[in-house]
Amino acid sequence: MNTNHQILQATCTDPEVCTICGSVYGPALGHDIEEWETIQESTCTTIGKERGICTRCGETVEQDLPLKAHTPGDWEITREATLERDGLRQQRCTVCGKLLKEEKIILTAEEKMALYKKQCVKVSYKDLARDPDAYKDQLIYVTGEVIQVVEASSSAYYCIYRVDITRGSYGIYTDTVYIYYDGYGKTPRILEDDIVTFYGRYDGLTSYTTVMGATVTLPCIYAEYIEIVR
C-alpha cells in the first residue's frame, strides 16, 4: 500500500489536501485584505458593501457592512394626557421612520390639579340657580365667603360647606351654594368667614331641611380642589 502523500498547499479559498487520498490537513487561508474601500454606505435599513484586493491571490473581494443604528428623533405626543386617561408619546427614527419607543404620559398630581382648574369656568349664582340643567356636570369654580362648616369625621364622609358667592357692595357676600368636598385631612381646615375658591363639578340643585323644618334648595357643587384666598 502506498502511504506517500502529495500535499497541495492551502490557498485563500481551498484547504491543504492530499492530491492522492483527498485527506485534508489544514483549512483554507482566507483572503488577506489590508485595506477596504466602502462602495455603498449602510443605513439603518440597507446593508452596505465594501471592497478590497487580497494581497495573497489578487482577487477582488466584496463583503457586507453591518446596518447602522437607528437615529432617534424628538419625542412626539400622539395623544394628550387628560383627566380621564394617560397620554402617549412616541420616538421614531429620523431616517426610516421606524417606531423606536412608545410610553405613557402620566400626569403628576400637580399637573392634574392645574389641568382640572384650567378646565373650570366661572358661573354666576343666578345662572346656576336659574338654569341648573344647563350647567349640570360641568366643571366650574366659585369664590365666596364660608358661612357654615360641617367637617367630616373620617375619610368616609364629605366635608360640607355653605358658601355665599356673590360679592356685593362693601365686599359683602350673598347668594348661598352648597358644597361637598372629599377632603378629610387633605387641606388646611376651612373656617367660617374664610374667603375660598372651590373648583368642582356642578350637580344641579339640592334640597335639605333646616332645624326649624323649612326646606331650602341651593345650587350644589362637588369640589375637587380648594384654595384659601384669605
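Where does helix 109-119 land angle-wise versus the long Cα axis of the chain, in degrees 0 to 90, nearest 10?
Helix 109-119 sits at roughly 60 degrees to that axis.
Quick check on the exposure proxy: order Ile106, Ile195, Ile7 from fewest to most C-beta atoms within 10 angstrom.
Ile106, Ile7, Ile195
For segment 95-230, state the average projected area of the convex hull of the C-alpha atoms over all orientations, rounded to one decimal in nm².
12.8
For Arg79, enumerate residues with amide H under 5 Å from its amide H, sequence gap 5+ or separate chain, H modeled in the peptide plane.
Here Leu88 satisfy the definition.
With a cut-off of 15 Å, note down the residues of segment 141-171 whose backbone N falls inside the zone around a label point 7 Å from the Cα of Val211 toward its beta carbon.
Answer for segment 141-171: 148-151.
For the chain, please report how many Lys pairs fall under 21 Å Cα to Cα, leaving out neighbours fewer than 8 apart on the same chain.
12
Using Cα pairs under 8 angstrom and six or more residues apart, how large is the relative contact order of the chain, in percent?
11
How much of the DSSP bridge set in segment 112-228 is antiparallel, in percent, rounded to the nearest 5?
Numbers: 32 of 38 bridges.
The answer is about 85 percent antiparallel.
Any chance you could check the Cα centroid distance between segment 209-230 and segment 128-196 for me, in angstrom?
5
At most 13 other Cβ atoms within 10 Å and a DSSP loop assignment: could you name the GluC sites (Glu not before Pro) in segment 10-84 that fit?
Taking segment 10-84 and a limit of 13 other Cβ atoms within 10 Å, the loop GluC sites (Glu not before Pro) found are Glu34, Glu35, Glu41, Glu59, Glu80, Glu84.
Nearest 5 percent is fine: what portion of the DSSP beta bridges confined to the chain is antiparallel?
Details: 56 of 62 bridges.
If I count the DSSP bridges inside the chain, around 90 percent turn out antiparallel.
Over the chain, with a Gaussian network built from C-alpha contacts below 10 Å, which listed residue (Val146, Val123, Val17) shows the highest mean-square fluctuation?
Looking only at Val146, Val123, Val17, the biggest GNM fluctuation is shown by Val17.
What nm distance separates the two modelled labels at Leu191 and Leu99, each placed 7 Å from Cα along Cα→Cβ?
In this crude label model, Leu191 to Leu99 measures out at 5.6 nm.
Counting other Cβ atoms within 10 Å of each Cβ, which GluC sites (Glu not before Pro) in segment 111-198 have at most 15 and sit in a DSSP loop? Please report the intermediate quantities before stating the final value.
Values: sites: Glu111, Glu145, Glu151, Glu192; in loops: Glu151, Glu192.
Qualifying residues, ordered by number: Glu151, Glu192.
Choose one of Ile7, Tyr141, Tyr25: the residue whose Cα lies farthest towards the positive end of the charge dipole of the chain (beta-carbon charges +1 Lys, Arg; -1 Asp, Glu; about the Cα centre).
The residue sitting farthest along the positive end of the dipole is Tyr141.
Extension gain Tyr184-Leu83, at 0.36 nm per residue separation less the Cα-Cα distance, in nm?
Length gained, Tyr184 through Leu83: 34.2 nm.
Between segment 72-119 and segment 11-60, how far is it from one alpha carbon centroid to the other, in angstrom?
With segment 72-119 and segment 11-60 each reduced to a Cα centre, they are spaced 51 Å.
Give the residues of segment 26-42 whose amide nitrogen is closer than 16 Å to a point set 7 Å from the Cα of Lys68 in the direction of its Cβ.
Residues 38-42 qualify, since their backbone N sits under 16 Å from the label point.
Summing Lys, Arg as +1 and Asp, Glu as -1, what charge do residues with Cβ under 13 Å from the Cβ of Lys118 carry, Lys118 excluded? Each step should come with its number before you reach the end.
Numbers: positive: Lys112, Lys117, Lys122; negative: Glu80, Glu110, Glu111, Glu224.
Surrounding charge for Lys118 is -1.
At Asp127 and Tyr222, where each label point lies 7 Å from the Cα along Cα→Cβ, what is the point-to-point distance in nanometres?
The answer from the label model is 2.2 nm.
Since every read-out is calculated from the coordinates, none of them should be taken as a lab result. Note that the structure is a prediction, hence the values are computed from the model and not measured. Please note: Cβ atoms are built from the backbone with ideal geometry, for glycine as well, and neighbour counts cover all protein chains shown.
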